[in-house]
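Here the structure is laid out as C-alpha cells; the discussion comes afterwards.
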Amino acid sequence: MREFIVEADGGSRGNPGPAGYGAVVSDAETGETLRETAEYIGVATNNVAEYRGLLAGLRAAFALDPAATVHVRMDSKLVIEQMSGRWKIKHPDMKPLAAQAARVFPPGQVTYEWMPRAQNKHADRLANEAMDAGARGERWSEAASTAELHAAPRVAATPEPPGDAAAGAARVRDALAAGRAAAGPAGPGPDAVPASARGATSPSSGDRARTGEARAGADAGTQVEVDAETGKHVTAVRPAEAAADARAAQAVAEGGIARADADVRAAAAETPVVRAEADVRAAKAGASGENADADTRAAKAGADTRAAKAGADTRAAKVDADTRAAQAVAAPGWAPADMGAPATFVLLRHGETPLTPQKRFSGSGGTDPSLSDTGREQAERAAAMLARRGTIQAVVSSPLARTRETAGIVAARLGLDVGIDDGLRETDFGAWEGLTFAEVRERHPDDLNAWLASPDAEPTGGGESFAATATRLAATRDKLVAAHAGRTVLLVTHVTPIKTLVRLALGAPPESLFRMELSAASLSVVAYYADGNASVRLLNDTSYLR
C-alpha cells in the first residue's frame with residue numbers, strides 16, 4: 001500500500017483579508033513531490049485558508065491513489081487538534097470544511113501531525129504564490145510555480161501528538177542531524193542546514209509572518225544548539241550515533257555541561273542512515289534530570305534502531321556540537337542562542353474582587369465585579385515591582401472590569417497604553433457564576449462531576465468547557481506572539497487563561513489545571529521562541545505582595 005505525505009498551509013493578508021492556500025503531496029518513502037496545488041480564495045481568515053489547503057491536499061492525494069494511507073503535516077495546531085478529534089470545531093465557517101476533509105478518505109487512512117512553521121515552507125510558498133497571483137488578477141499555475149525550488153528538503157516522519165512540548169523534540173532531532181551532516185567527509189554545503197534554518201517566510205504572509213528561525217552552522221566544527229523539550233517522534237536521522245547522544249544525556253543528567261565524546265559520530269558519514277530515538281531520549285534525560293547510564297542508553301538505542309552493520313573504524317573525536325547541545329539542554333530556558341529574543345509574556349492575574357476571598361466562581365458570564373480595596377493595593381504593588389524591573393514594553397488586558405482596572409494601574413505607572421484582547425477573558429462558568437464550589441456540588445452534582453472528569457464538559461447552563469477555553473487561548477497566544485516577537489509583554493488576565501497558557505507550554509494534560517495554585521495579583525512568565533517552542537520561567541510569584 002502506498003503512503004503519501006500531505007503538507008498544507010493557508011494564509012490571509014489581513015485575517016480576514018485576501019487569502020490563499022497551498023498543498024503538496026509527496027511519496028512517504030522517497031520524498032518525491034507528486035503533486036502541488038494552490039488557489040487564491042478571496043477574502044477569508046487564516047484558519048479557513050488552512051482548512052481549504054488541507055481539503056485540497058487530501059483531494060489531490062485521493063486522485064493519485066484512493067487506497068493510499070495519508071499522513072498530514074501542518075503548522076496549524078488548531079487544524080491538527082480539531083481533525084484529530086481532540087478539540088471541538090465550533091466556528092461555522094470551519095465546520096463544513098472539516099466535515100468535507102474527513103470524508104475524502106475512509107476513516108483510519110489519514111493521520112495528523114503538527115510540525116513547526118519553519119518546516120512547512122513548501123506549502124507556505126505555494127499559498128503565497130496563490131495570493132500573489134490573486135493580487136494580479138490571475139490564477140495560480142502549477143507549471144509556473146517555483147515553490148519547491150526554495151523549499152527545504154523533507155524528512156519522512158511518523159505521527160506524534162501535536163503540542164508545544166512535542167515540537168521541542170523535533171528541534172532536537174533537526175539540530176543534531178544538521179551537526180552530523182556538517183561533520184561529514186564531503187565538507188559543508190547548503191544541505192547541511194536543517195529546514196528550520198532556511199530563513200523566515202515571506203512578509204507577505206501577513207498575520208502568519210514568521211519571526212526568526214533556527215540556524216545551524218555550516219562548517220565542520222558546527223556548534224549545534226538544541227531546544228530540548230520531550231516528545232515521542234521517530235524520524236530518519238544520520239547513523240548510529242546513539243552512544244554519543246546518550247553520553248550527552250548522561251552529562252546533563254549528572255549536572256555537568258557535558259564532555260560528550262562523539263566516537264561513533266565520526267563514522268556517521270560512512271554508515272547507513274537509521275531510525276533512532278536516541279536524540280529524543282537525550283532530550284528526555286535532560287528534561288527530567290534522570291540518572292542516565294550511558295552504556296545502558298546506548299544499548300537501548302541500539303535495540304530500538306536498525307543498527308548499521310558497516311564495520312567503520314571508530315575515530316576518537318571530541319566534537320563541540322555535543323558539548324553545546326548538552327549546554328543548551330542544561331541552560332535555563334533551554335533556548336538556542338541563535339533563536340533571537342523570544343516573545344515573553346508576563347502573565348499577571350488581576351487583583352482581588354469581593355468574590356475572590358469567598359472563592360466563588362467568577363468568569364466572563366457573571367456580574368463582572370471590579371477590584372476591592374485590597375485588589376487595588378495588590379495592583380499598585382505589582383505596578384511598583386514591574387516599574388523597578390523596567391522590562392515591560394506593552395500591556396494587553398482581558399476586557400473584563402477587574403483586569404482592565406488592574407492593567408490600568410500598572411500601565412499608568414509604566415507610562416504605557418492598555419490594549420484589549422477578548423481572547424484573554426475568563427472562562428464562562430454558566431449557571432455556576434457567583435456560587436462557591438460547595439454550592440455547585442449541592443445544586444449540580446452530576447454536572448460538576450462531569451466537569452471535573454473531562455475538559456470537554458461544560459458548566460451547567462451552557463458555559464464554556466476547558467477544551468474550548470484552550471482552543472481560544474491557543475489562537476490568542478499565536479496572534480500575540482506574532483504581533484510581539486522579541487518583546488516583553490504584560491498580559492493581565494485570569495486564573496484559567498494563565499493556567500491554560502502554562503499547561504500548553506509544558507505540553508501537560510488538561511487535568512493539570514486542577515494542580516496549579518494561582519493567587520490574586522500573582523505573576524507567571526512564559527517565553528515563546530521563533531521555532532514554536534515555549535519555556536515556563538515563573539509561576540505564581542507573589543513575593544512583592546508581602
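Two decimals is fine: what's Rg over Rh for segment 326-474, C-alpha atoms, Kirkwood radius as Rh? Please list the in-between numbers first.
On the way: Rg = 18.5 Å, Rh = 17.5 Å.
Checking Rg against Rh, the ratio lands at 1.06.
Take the cross-link list Lys95/Lys359; Lys88/Lys121; Lys88/Lys499 and give me the ones stretching past 30 Å between alpha-carbons. All intermediate terms of the calculation are to be shown ahead of the outcome.
Working: Lys95/Lys359 37 Å; Lys88/Lys121 28 Å; Lys88/Lys499 20 Å.
Pairs exceeding the cut-off: Lys95/Lys359.
Which residues' amide hydrogens lie under 5 Å from the amide hydrogen of Leu34, considering only partners 5 or more residues apart or on another chain, with H built in the peptide plane?
Close amide H contacts, sequence-distant or interchain: Val25, Ser26, Asp27.
What value does segment 30-72 have for Rg/Rh, both radii from Cα atoms and Rh as Kirkwood defines it? Intermediate values should be presented prior to the final figure.
On the way: Rg = 12.0 Å, Rh = 11.7 Å.
Taking Rg over the Kirkwood Rh, I get 1.02.
Determine the equivalent ellipsoid of segment 22-110 by diagonalising the alpha-carbon gyration tensor, then write out the semi-axes as square roots of 5 times the eigenvalues, largest first, rounded to whole Å. Provide the component values of the computation, followed by the final result.
On the way: eigenvalues 91, 48, 26 Å².
Semi-axes from the Cα gyration tensor: 21, 16, 11 Å.
Could you pull out every residue, at least 5 positions away or on a different chain, whose amide H is within less than 5 Å of the one on Thr353? Hs are placed 1.01 Å off N in the peptide plane, and Pro or chain starts have none.
Ser372
Counting only protein chains, not ligands or nucleic acids, how are Asp422, Asp368, Asp541 ordered by accessible area (probe 1.4 Å), most first? Let's see the in-between values first.
Values: Asp422 85, Asp368 55, Asp541 35 Å².
Descending accessible area places them as Asp422, Asp368, Asp541.
Could you tell me how far the Cα centroid of segment 462-495 sits from the Cα centroid of segment 501-546, in Å?
What the calculation gives is 12 Å, centre to centre.
Can you give me the long-range amide H partners of Asp428? Hydrogens built in the peptide plane at 1.01 Å from N, cutoff under 5 Å, separation of 5 or more residues or another chain.
Result for Asp428 returns Ser364, Glu464.
Using only the alpha-carbon atoms of segment 390-546 as identical scatterers, what base-10 log of I(q)/I(0) does the Debye formula give at q = 0.12 Å⁻¹?
So the normalised log intensities are -0.55.
Using only the Cα atoms of segment 87-126, construct the convex hull and provide its projected area averaged over every direction, in square nanometres to one decimal. Mind showing how you got there, number by number?
Working: hull surface 16.6 nm².
Its Cα hull, projected and averaged over all orientations, spans 4.1 nm².
What trypsin sites (Lys or Arg not before Pro) in segment 364-407 are in a loop by DSSP, with at most 11 other Cβ atoms within 10 Å of the Cβ?
Answer by residue number: there is no such site.
Cα-Cα pairs above 20 Å in segment 1-155: how many percent? Could the numbers behind the result be given before it?
Working: 5135 of 11935 pairs.
Percentage above 20 Å: 43.
Could you tell me how many cubic angstrom of Cα convex hull volume segment 489-538 has per residue?
Numbers: hull volume 3.8 nm³, N = 50.
Considering the Cα atoms of segment 489-538, their hull volume per residue is 76 Å³.
If packing is taken as the average number of other Cβ atoms within 10 Å across a peptide's residues, how do 100-113, 486-499, 65-78, 435-448 rank, most packed first? Walk me through the intermediate numbers first.
Details: 100-113: 15.8, 486-499: 23.1, 65-78: 20.4, 435-448: 14.1.
Listed from highest to lowest mean packing, they are 486-499, 65-78, 100-113, 435-448.
More than 16 angstrom separation, counting every C-alpha pair in segment 423-497; what % is that?
Details: 1528 of 2775 pairs.
Taking all Cα-Cα pairs of segment 423-497, the fraction more than 16 Å apart is 55 percent.
Quick check on segment 391-450: take the gyration tensor over C-alpha atoms, sort the square-rooted eigenvalues as a ≥ b ≥ c, and tell me if it's rounded (a/c under 1.5), prolate or oblate. Present the calculation step by step, with values, prior to reporting the outcome.
On the way: a/c = 4.14, a/b = 3.21, b/c = 1.29.
Prolate.
Tell me, what is the Rg over Rh of segment 61-128, with Rh the Kirkwood radius over Cα pairs?
Numbers: Rg = 12.7 Å, Rh = 13.1 Å.
Checking Rg against Rh, the ratio lands at 0.97.
The values are calculated or read from the model by the stated rules, or taken from the named source; none is laboratory data. Treat the numbers as computed from the prediction; the structure is a model and nothing was measured. Using ideal geometry, Cβ is built from the backbone for each residue, glycine included, and neighbour counts are taken over all protein chains shown. Surface accessibility is based on the protein's heavy atoms, side chains included, excluding ligands, DNA and RNA. Shrake-Rupley method; radii C 1.70, N 1.55, O 1.52, S 1.80 Å.
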